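What follows is a short report on a single structure.
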Amino acid sequence: MSATDSKNKVGKSLYNYQKEALFNIFKSFENAPENYHLLYQLPTGGGKTVIFSEITRQYLKHYQKKVLIMTHRIELCKQTARMLGEFGVENKIIDSKAELDDQGDYDCFVAMVETLNNRLNDDILDISDVGLVIIDEAHYNSFTKLFKFFNKSFILGVTATPLSSNIKMPMKDNYDHLIVGESIATLIENEYLAKANIYSYNVGLTSLEVGANGDYTVKSSEDLYTNSNMLSKLLQAYEERAKGTKTLIFNNGINTSLYVYDTFKRAGYPIAHLDNTNTKKERDAILKWFNQTPNAIITSVSILTTGFDEPSVQSIILNRATKSLTLYYQMIGRGSRIIPGKSHFNVIDLGNNFHRFGPWGADLDWQKMFRAPNFYLDNLLTDEDIESTFKYELPEDVKKEFANTKEEDLYFDVKRVYIDTIQSGQSSKKVLEKSIVHHTKMCVENSEDVFDALILAKKLGGDIDDRIHRYSKCICKSTHNFIDWLQDDYRKKLNSHIRANFDDVYEEIHGHPPPEE
């Protein structure tokens, strides 16, 4: 059988790379033993559903067996069923309401994984004649429990990222071979996908905790992303890079999304909040509004990472951190669909994800990741490694209080000063003394008197903590008690230094002593 059969089919025309995928997959069918598990990778937006719909059509035409397609979400079930219909494939959706009296009338079934599991365990679905099982979004592990029912079927898993959602269940344990499809870079070059302009804003993530699933917990994410500094940073990033564009904001936690909704609403922007507690009617109404409103914003909680296709999206904001490469690619992929007049889209990263995974569409070795996922995961940069390269930036409201200090003079490079200090034969304690002198100058040049300067010193808490943290790394001593003591001691010494030296520093800056009271 040849992929060229697709020329005569109902439905969409296939691109050359899709025809090539079809040819390679059918070649594997023909040479494979029973119970062969094949995995096919293709980026989000590359047309995976189109490909496996055509595979289904051709399989039913050339083999005398049935096809079962599995998904993990009801939206994906319905989309798949519609696409199969476009290809002239009659199919039956097996959901919780489905009656199975007429199952003998169909050669193709589309099923939700949990519903299918229940039906198979209750032995009320006849699968004796299923020759091909297609698994959409195959990186989810919920499907693997069903493999035991299909030990005489050819299993085809389809995913954009062949990395398991559970690090303890690598995909190589469930699939025999991986076929890698067209790369994101090639799809962009040939104008099948839009190009991402990525803007990364540095965020301190060391307060985040990692849960049993290997990703950051919702609770620690909510604590960080609902604080006023992060909400201000998000709004500022939107206004700098995405204002006036149709935008999706992804969060880790419903509370965060509601805070984001409130922040943008009060700033006068058209925004809606969406999470998995919304009814189907509410969801449909929000998505219809989003489709019809030019500068609309949706803030959501991962619900739109799969089964959502809105090509008019112009900006994606990652208002969360993730350790999942799959989720990173899924979120950004929501903006990659191409339409006339759209060749680029914006990605605003507020979770250091760009630093962790590299640019979306980078040349990744999927075969190596498939064979040795732990090697890839173990070599990801830690948050501490990533943040060690960042410059600490004062929050915008604090920065305004230090308007008389030049932007470049606000930063104190602890690591460089430490190296210079040690190389000159001085004690490492001199680093903190030099830092206190620097902070004193900042406070004095933005104050009229010593009392103003002491008030400003209190607003430097974040900067002080960052400097102490970097200093503790330099001297390789970072117990909590030691750092707490250093931070407290630094604040006391800064206040003392301001009181003792205010007049001298003021005169040095202004060329005259401070005005008399």
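The values are calculated or read from the model by the stated rules, or taken from the named source; none is laboratory data. This structure is a prediction, so every number in the text was calculated from the model and none was measured. In this analysis, Cβ positions are derived from the backbone assuming ideal geometry, glycine residues included, and neighbour counts consider all displayed protein chains.
Details
For (1) touching a Phe, Trp or Tyr at 6+ places or on another chain (Cβ under 6 Å); (2) within 23 Å of D466 (Cα to Cα); (3) in a helix (DSSP H, G or I), each residue gets a yes or a no:
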position: I198; (1), (2), (3): yes, no, no
position: N202; (1), (2), (3): yes, yes, no
position: L205; (1), (2), (3): no, yes, no
position: L208; (1), (2), (3): yes, yes, no
position: S221; (1), (2), (3): no, yes, yes
position: S232; (1), (2), (3): no, yes, yes
position: E239; (1), (2), (3): no, no, yes
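- Residues located in the stretch 171-196, provided they are in a helix (DSSP H, G or I), under 20 Å from H139 (Cα atoms) and out of contact with any Lys or Arg (no Cβ under 9 Å at 6 or more places or on another chain): M171, D173, I184
- Pick from the stretch 170-189, criterion under 21 Å from the mean Cα position of the chain (by Cα) and more than 22 Å from L68 (Cα to Cα), ranking: surrounded by the most Cβ atoms within 10 Å (Cβ to Cβ): I184
- Scanning the stretch 144-194 for residues that are small (G, A, S) and under 30 Å from F345 (Cβ atoms) yields G157, A160, S164, S165, G181, S183, A185, A194.
- Just one of the listed residues (Y471, Y411, Y418) is modelled with pLDDT of 90 or more, exposed (fewer than 14 other Cβ atoms within 10 Å of the Cβ), farther than 16 Å from K492 by Cα and of a type outside the set (D, E, K, R), namely Y411.
- Every residue from the stretch 28-71 that is more than 35 Å from the chain's Cα centre (by Cα) and surrounded by fewer than 17 Cβ atoms within 10 Å (Cβ to Cβ): E30, N31, A32, P33, E34, K61, H62, Y63, Q64, K65
- Qualifying positions in the stretch 142-159 - in contact with a strand residue (DSSP E or B) (Cβ under 7 Å, 6 or more places away or on another chain) and outside any helix (DSSP H, G or I): S153, F154, I155, L156, G157, V158, T159
Condition check ((1) farther than 25 Å from K78 by Cβ; (2) out of contact with any Cys (no Cβ under 8 Å at 6 or more places or on another chain); (3) in contact (Cβ under 8 Å) with a residue 12 or more places away in the chain) across all residues:
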residue	(1), (2), (3)
E222	yes, yes, yes
T247	yes, yes, yes
Y261	yes, yes, yes
R266	yes, yes, no
E282	no, yes, no
L304	no, yes, yes
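- Residue in the stretch 376-383 that is crowded, with 19+ Cβ neighbours inside 10 Å and at pLDDT below 90 present: yes
- Where G335 falls short, out of the listed (1) more than 15 Å from E310 (Cβ to Cβ); (2) in a loop (DSSP other than H, G, I, E, B): (1)
- One residue from G244, G214 being part of a loop (DSSP other than H, G, I, E, B), under 16 Å from the mean Cα position of the chain (by Cα) and surrounded by fewer than 20 Cβ atoms within 10 Å (Cβ to Cβ): G214
- Looking across the stretch 434-449 at every residue that is free of Cβ contacts under 8 Å to residues at least 60 places away in the same chain and in a helix (DSSP H, G or I), the one that is surrounded by the most Cβ atoms within 10 Å (Cβ to Cβ) is identified as C443.
- Within the option set Y506, Y490, being part of a helix (DSSP H, G or I), over 26 Å from G204 (Cα atoms) and either touching a Leu at 6+ places or on another chain (Cβ under 8 Å) or in the same structural domain as E401 (by TED's automatic domain parsing) (or both) holds for one residue only, Y506.
- Residues of the stretch 63-80 that turn out to be farther than 17 Å from G157 by Cα and either out of contact with any Gly (no Cβ under 9 Å at 6 or more places or on another chain) or outside any loop (DSSP other than H, G, I, E, B) (or both), as a count: 4
- Scanning the stretch 344-361 for residues that are in contact (Cβ under 8 Å) with a residue 12 or more places away in the chain, not in a helix (DSSP H, G or I) and not aromatic (F, W, Y) gives H344, N346, V347, I348, D349, L350, G351, N352, P359, G361.
- Failed condition for C476, given (1) more than 14 Å from H439 (Cβ to Cβ); (2) touching a residue at least 12 places away in the same chain (Cβ under 8 Å); (3) more than 32 Å from the chain's Cα centre (by Cα): (2)
- Residue in the stretch 394-405 that is surrounded by 15 or more Cβ atoms within 10 Å (Cβ to Cβ), aliphatic (A, V, I, L, M) and more than 30 Å from V431 (Cβ to Cβ) present: no
- Qualifying residues in the stretch 362-399 (those that are aliphatic (A, V, I, L, M) and outside any helix (DSSP H, G or I)) - the one farthest from H177 (Cα to Cα): L394
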